[in-house]
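Chemist: Attaching a single structure in structure tokens format; questions to follow.
The values are calculated or read from the model by the stated rules, or taken from the named source; none is laboratory data. Bear in mind that the values here come from a model prediction, so they are computed numbers and not experimental data. All Cβ positions, even for glycine, are placed from backbone atoms using ideal geometry, and neighbour counts span all protein chains on display. Remember, those area values only see protein heavy atoms, side chains included, never the ligands or the DNA or RNA. Shrake-Rupley method; radii C 1.70, N 1.55, O 1.52, S 1.80 Å.
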Amino acid sequence: MKKLSIIFALAILSTGPACAQEAWSLQDCINHALQNNIQIQKNRISQEQGDVTLSQNKGALFPSLSFSTNQSMNYRPFEETTAIVQNGQVTNTSNKVTYQGSYGLNASWTVWNGGINLKNIEAQKLQNEISQLATEQSELSIQEEIAQLYVQIMYTKEAKKVNEMLRETAQSQYDRGVEMLNQGQMARADLTQLEAQLSSATYDVTNSEAQIANYKRQLKALLELDLSIPFDVRGEAPSDEKALALIPNAEEAYERALATRPEIRSAELSLDAAEMSLDIARRGYLPTVGVSAGVGDSHYSASQKSAGAQMKRNLNASAGVTVSVPIFDNRRTRSNVKQAKLQRASSQLDLQDRKNTLSNTIEQYWINANSQQQNFVAAQARVKSQLESYNLLNEQFNNGLKNVVEVLEGRDNLLSAQQALLQSKYTTLLNIQLLKFYTGEEIDL
């Protein structure tokens, strides 16, 4: 039992190595998720769709050109003579079956529509930036989730080691109790209590294993790994110095986050996009100017002239200018303007809401880091005291100087102190790293 303190210290400061083929570091998890997470891939597809839309909007600035042709055959079984008017020419025929072909090449161009086409291009560029920022936000969010789950796994692994040490101690105490019962030095009721302690210690180990498996399942889901793939995390337990590191200032972290976080920039661009939409809606009151031109030709089988001669004679061209002035459009433009104003107001509120959420998140991380760091310092002293007390109780119990109730109470106190130490250590470390992460630094556990 004199080595018990060394065993507990090793349980806190180290974690067992995992199989090299199955173990993932934190950076391995992040890199894999950034490439394979489905939500991130969807956001990247949205970015590409935005590029396609932008190209389409740019194309609206250019004229359109189309070619059309119509080939038809007519049958009039009871008509004796048919008069066909084509390109201003009247052709009479007694043929019951006639064939006609026409051809057209048409071009049109919107010269001016209040500048809406140009504004649509600018608006789509803003949307593309917002889509890109949405992808960045997804990448940051998944890194944050991975870090939280990774820390939970590492913490629970160390907690499991503490429980395993306590189970070994409970097993030795139970074995010693059996000897004392056989020697007449212990009552059956006391041995039953030792057996209950051993069962409780075994349950704690099993429960820790279940928690680790559940955290791994959640982490695998973020990595898009199915259950057939073996998975474990690796990495050394962080030192106490990391948990005692200087905590970033909350106000400074918030100011840096406002300048760097994609959700804030996205909300600002959404407000710009809302202003752009309002400008576009107002331009619906302006007139539209367009030009068009076309070339046409045709031929008819009933004509006495050849198809080539007809094509030469029937060739025609046209050009025109169209001016459309909106007078009354069933309140469509007016409604669009009102909707755009409401969207602008909503975007303003969304921006403020995201700033408030960011402020609250950073403040919460700062509070957690400070309080848990203080708890960690206090827990270190408590664990040392409870460990010495438990070692003494266990030695006295083996010598018959302490009863079972006192040993069980000492064991519970030590377990509580160990768990509090581990929880405060990992919670402090996680919150410090997340504070730095929100200021643009990488997570380093």
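Chemist: For residues that are open to solvent by 60 Å² or more (accessible area, probe 1.4 Å) and within 30 Å of T156 (Cα to Cα), scanning just segment 177-195, find the one that is modelled with the lowest pLDDT. Let's see the steps before the verdict.
Modeler: Of the residues in segment 177-195, the ones open to solvent by 60 Å² or more (accessible area, probe 1.4 Å) are 179, 182-185, 188-189, 192-193, 195.
Remaining after also requiring within 30 Å of T156 (Cα to Cα): 192-193, 195.
Details: T192: 89, Q193: 86, E195: 89.
The selected residue is Q193.
Chemist: Oh, and also: I'm told S306 meets every condition in (1) more than 29 Å from N113 (Cα to Cα); (2) surrounded by 18 or more Cβ atoms within 10 Å (Cβ to Cβ) except one. Can you identify the failing condition by its number?
Modeler: (2)
Chemist: Return the residue satisfying two criteria in turn: it lies in segment 347-362 and is surrounded by 13 or more Cβ atoms within 10 Å (Cβ to Cβ) and out of contact with any Phe, Trp or Tyr (no Cβ under 8 Å at 6 or more places or on another chain), and of such residues it is nearest to E268 (Cα to Cα).
Modeler: L351
Chemist: Here's another thing I want to ask about it. Working only within segment 229-249, note down all residues that are open to solvent by 40 Å² or more (accessible area, probe 1.4 Å), closer than 28 Å to R217 by Cα and among the aliphatic types (A, V, I, L, M).
Modeler: I229
Chemist: Quick check on segment 43-63: of everything there that is open to solvent by 90 Å² or more (accessible area, probe 1.4 Å) and polar (S, T, N, Q), which residue is farthest from S108 (Cα to Cα)?
Modeler: The qualifying residue farthest from S108 (Cα to Cα) is Q49.
Chemist: For G290, work out the one condition from (1) over 30 Å from N117 (Cα atoms); (2) crowded, with 16+ Cβ neighbours inside 10 Å it doesn't fulfil.
Modeler: (1)
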